[in-house]
1. Under 9 Å between Cβ atoms, which residue pairs at least 6 apart in sequence (or on different chains) link something in region 117-144 that is closer than 24 Å to M105 by Cα with a partner that is open to solvent by 60 Å² or more (accessible area, probe 1.4 Å) and polar (S, T, N, Q)?
2. If L167 satisfies every condition in (1) surrounded by 11 or more Cβ atoms within 10 Å (Cβ to Cβ); (2) under 23 Å from the mean Cα position of the chain (by Cα); (3) under 30 Å from G65 (Cα atoms); (4) of a type in the set (A, V, I, L, M) but one, which is the exception?
3. Six or more apart or on different chains, Cβ atoms under 7 Å: show the pairs whose first residue is in region 84-107 and more than 15 Å from M157 (Cα to Cα) and at pLDDT 85 or above and whose second is in a loop (DSSP other than H, G, I, E, B) and open to solvent by less than 60 Å² (accessible area, probe 1.4 Å).
4. Taking region 14-24 on its own, how many of its residues are open to solvent by 100 Å² or more (accessible area, probe 1.4 Å) and part of a helix (DSSP H, G or I)?
5. In this structure, does A74 turn out to be exposed (fewer than 10 other Cβ atoms within 10 Å of the Cβ) and within 28 Å of G152 (Cβ to Cβ)?
6. Quick one: V142 ticks every box in (1) in contact with a helix residue (DSSP H, G or I) (Cβ under 9 Å, 6 or more places away or on another chain); (2) closer than 29 Å to I58 by Cα bar one, so which box is it?
7. Taking the conditions exactly as written (open to solvent by less than 60 Å² (accessible area, probe 1.4 Å) and under 30 Å from N160 (Cβ atoms)), does A27 satisfy them or not?
8. Considering S63, S11, which residue is part of a helix (DSSP H, G or I) and either at pLDDT 90 or above or surrounded by 12 or more Cβ atoms within 10 Å (Cβ to Cβ) (or both)?
Amino acid sequence: VIYAITQMNLSGLPQTISSMKTQWILAVLSGQFAHCFVRALRICKILDPIKRVFVWNIFSVNSIGFLAVVLLPANTGAIVRTYLLSKKERLDMSTAMGTIVVEKMFDAVSTVGLLLFVVFFALPKNIDSETWNVLHAVGVSVVMLVFVAFVGLSFFMLKNNLLKNILVKATARFSSAT
């Protein structure tokens, strides 16, 4: 980011800003607002069996979390969202993290759905067959990887004690009790 900022030529910035079309800015802002609102509704539905939450509380938590995603490295925004959700709605950290995991799985399923559509139904233009074959193989690999992750997560949701035993054994050597 620092390299990109230091290499920018800011002399044309005023002209660029003056030539912007405000209707596109409003459209993007409206779309972003709708996107955040729909995600907040989705988290409310995920939390419904556990606790009734107010959609605007989730909206504010999501907005701050997405800001953290942009500003902080390594998807730290998910941790920020988890922390804020647990504090604002008085939820266990594990419950708050669970909503983020379920939301990420929904995101993965919808992304894979789009990827499946592109891989199997798109007719590439201006792409040589070798590049398309590589893209096709990568797409199928990603679909399979997400499918395995989804099946694994579903399995461990059903076999909760098995996951706990695996995690305890995996972390036992890091524990001070041993």
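1. V142/T111
2. Condition (2) is where L167 drops out.
3. L85/L91; E89/V53
4. Within region 14-24, residues that are open to solvent by 100 Å² or more (accessible area, probe 1.4 Å) and part of a helix (DSSP H, G or I) number 3.
5. Working: exposed (fewer than 10 other Cβ atoms within 10 Å of the Cβ): yes; within 28 Å of G152 (Cβ to Cβ): yes.
Judged against the criteria, A74 is a match.
6. Of the numbered conditions (1) in contact with a helix residue (DSSP H, G or I) (Cβ under 9 Å, 6 or more places away or on another chain); (2) closer than 29 Å to I58 by Cα, the odd one out for V142 is (2).
7. no
8. Unique residue meeting the criteria: S63.
The values are calculated or read from the model by the stated rules, or taken from the named source; none is laboratory data. None of these values were measured; they are calculated from a predicted model. A quick note on method: Cβ atoms are made from the backbone with ideal geometry, for glycine too, and the neighbour counts reach across all protein chains shown. Accessible surface areas use protein heavy atoms only, side chains included; no ligands, DNA or RNA. Shrake-Rupley method; radii C 1.70, N 1.55, O 1.52, S 1.80 Å.
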